[in-house]
Amino acid sequence: MQQHSWRPVPPSSVGITLEQHISQQMAMSPGATGHFTALLYQVMLAAKLVDARVRQAGLADVLGLTGETNIQGERVQKLDLVANEIFCTVLQRGMRTCAIASEELETAILLDGGGRYAVAMDPLDGSSNIDCNVTIGTIFGIWRRRSESMERGQDEDLLQPGSALRAAGYIAYGSSTMFVYSTGAKFGVHGFTLDPRIGEFFLSHQDIRVPSRGNTYSVNEGNSSKWEPSTRKWVEHMKEDDAASKRPYGARYVGSLVADAHRTLIKGGIFAYPADRKSPKGKLRLQYEANPMAFLFEAAGGRAITGRPKPAGGSNRILDVRPESLHERTPLVIGSSDDVETYERFLGETGA
Ligand code: AHM
Ligand code: MG
């Protein structure tokens, strides 16, 4: 029988909806007031609205470029803007949020109204895959605000480390649409699949655990001429024949973080977007790409590091990085604990 890295959902003719699951988690949190639960419902609603647009993509004139560039200097796809507008509108109307950071917005949206949470998101990640029907996704992280609750939200509410996240998740718009989220290791990581007939997410992947080791590595090898020697040696190692350590590993790389991370979360293995000569700080964004994924991987028993050696007495966990700006980048290595440890061994060897 096939072994899964998540617990099977008890058979029932009536599935557990995402909304019910969020309410059940609230009931297990003493002192919960319902604000956080309301915010998660809003994220779920926005996800369904984006899904509806993604599913129409080839038909509804939302594919292609707008002709503009975003603040990262990248060409903006129409669906990026559509998803951004949906998430920002739903969150602003919902009144639970004091600050919103988005990959598509140069500055944060800072709100009055006493919302208790700050949300950082990439409304539609994997832009280069939009036009060719490959999995794309939304990534989000939620912090409790730092500033006084009745003040307008501030950038500092969004510039908290990943270790302070209250929740994080992603929505994968793939062969099905999945909503994966966690409110921390104590509550686990759970996946819900959208039933498109009735527009509800149902629990399909309960308590996802990253296998301690996988059999694939995922990295854009087209960048190898610009990599540090340690990264090149690690990839060579993954490709060598060694029956005892079950190498060579297979290569898998979609180029959509949500797709590559989701596969790694479910099947194990390793995903890396290391620093290189072209992107010395890495490519992926700390607050709305790396931190939410790191939070999920750690909550599921995996690891997430910066791809830098651990400084003496310090940490190379993504979740421990002190953010300095909304759009800062970081190298990212996530995956099975044994596979990340192997990556770290190479960092140590070359002292990169
Ligand atoms: P985006 O936010 O502009 O879509 O870029 C982020 C994406 C990630 O989804 C993915 O992991 C990475 O960029 C792929 O980059 P590359 O094309 O350099 O391999
Ligand atoms: Mg992105």
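Structure summary
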| item | result |
| --- | --- |
| For peptides 133-141, 83-91, 192-200, sequence by mean Cβ density within 10 Å, most packed first | 133-141, 83-91, 192-200 |
| Solvent-accessible surface ranking, highest first, for 283, 226 at 1.4 angstrom | 283, 226 |
| Solvent-accessible surface (1.4 angstrom probe) belonging to residue 262, in square angstrom, nearest 10 | 40 Å² |
| Hull shadow area, averaged, region 216-350 [alpha-carbon convex hull, nm²] | 8.1 nm² |
| Computed lengthening from residue 148 to residue 24, 0.36 nm per intervening residue step minus Cα-Cα distance | 41.8 nm |
| 37 °C / 0.692 mPa s Stokes-Einstein diffusion coefficient of the chain, Kirkwood radius on C-alpha pairs, µm²/s | 159 µm²/s |
| Most mobile of 228, 156, 240 in a GNM of the chain (Cα contacts under 10 Å) | 240 |
| 5 angstrom amide H check on residue 136, placed H, neighbours 5+ away | 173 |
| Apportionment of accessible area to carbon and sulfur, region 18-205, percent (1.4 Å) | 49 percent |
| Share, in percent, of DSSP beta bridges within the chain that are antiparallel, nearest 5 | 85 percent |
| Acute angle (nearest 10 degrees) that the helix 35-55 long axis makes with the longest principal axis of the chain, alpha-carbon atoms | 70 degrees |
| Check: the chain dipole with +1 on Lys, Arg Cβ and -1 on Asp, Glu Cβ, in debye | 600 debye |
| Computed lengthening from residue 212 to residue 267, 0.36 nm per intervening residue step minus Cα-Cα distance | 18.8 nm |
| Net dipole in debye of region 216-350 [+1 Lys, Arg Cβ; -1 Asp, Glu Cβ; about Cα centre; nearest 20] | 320 debye |
| Residue-averaged 222 nm ellipticity for the chain, from DSSP H runs of 4+ at -39500 (n - 2.57), nearest 500 | -8500 deg cm²/dmol |
| Rg followed by Dmax, in Å, when region 18-205 is reduced to its Cα trace | 16.3, 49 |
| By average C-beta atoms within 10 angstrom, highest first, the peptides 270-281, 159-170 | 159-170, 270-281 |
| Between 0 and 90°, nearest 10: helix 229-239 axis offset from the chain longest Cα axis | 90 degrees |
| Gained length - residue 109 relative to residue 223, 0.36 nm times residue gap less alpha-carbon distance | 37.6 nm |
| Cα-based helix-to-principal-axis angle, 78-94 vs the chain, degrees rounded to 10 | 50 degrees |
| Column: log10 I(q)/I(0), Debye, Cα scatterers of region 12-53, q = 0.23, 0.29, 0.31 Å⁻¹ | -0.80, -0.97, -1.02 |
| Region 186-231 and region 1-50: distance between their alpha carbon centers, rounded to Å | 18 Å |
| Charge tally in the Cβ shell below 14 Å around residue 17, where Lys, Arg are +1 and Asp, Glu are -1, residue 17 excluded | -1 |
| Sulfur and carbon atoms: percent of accessible area, region 216-350 [1.4 Å] | 48 percent |
| Region 106-171: equivalent-ellipsoid semi-axes (sqrt of 5 x gyration tensor eigenvalues, Cα, Å) | 28, 13, 9 |
| Over 20 Å (Cα to Cα) - which of 233/267; 226/267; 226/281 fall in this group | 233/267; 226/267 |
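The values are calculated or read from the model by the stated rules, or taken from the named source; none is laboratory data. All values derive from a computational prediction rather than experimental measurement. Here the Cβ is made from the backbone with ideal geometry for all residues, glycine too, and neighbour counts use every protein chain on show. Quick note on the areas: whole protein, heavy atoms, side chains included, nothing else; ligands and nucleic acids left out. Shrake-Rupley method; radii C 1.70, N 1.55, O 1.52, S 1.80 Å.
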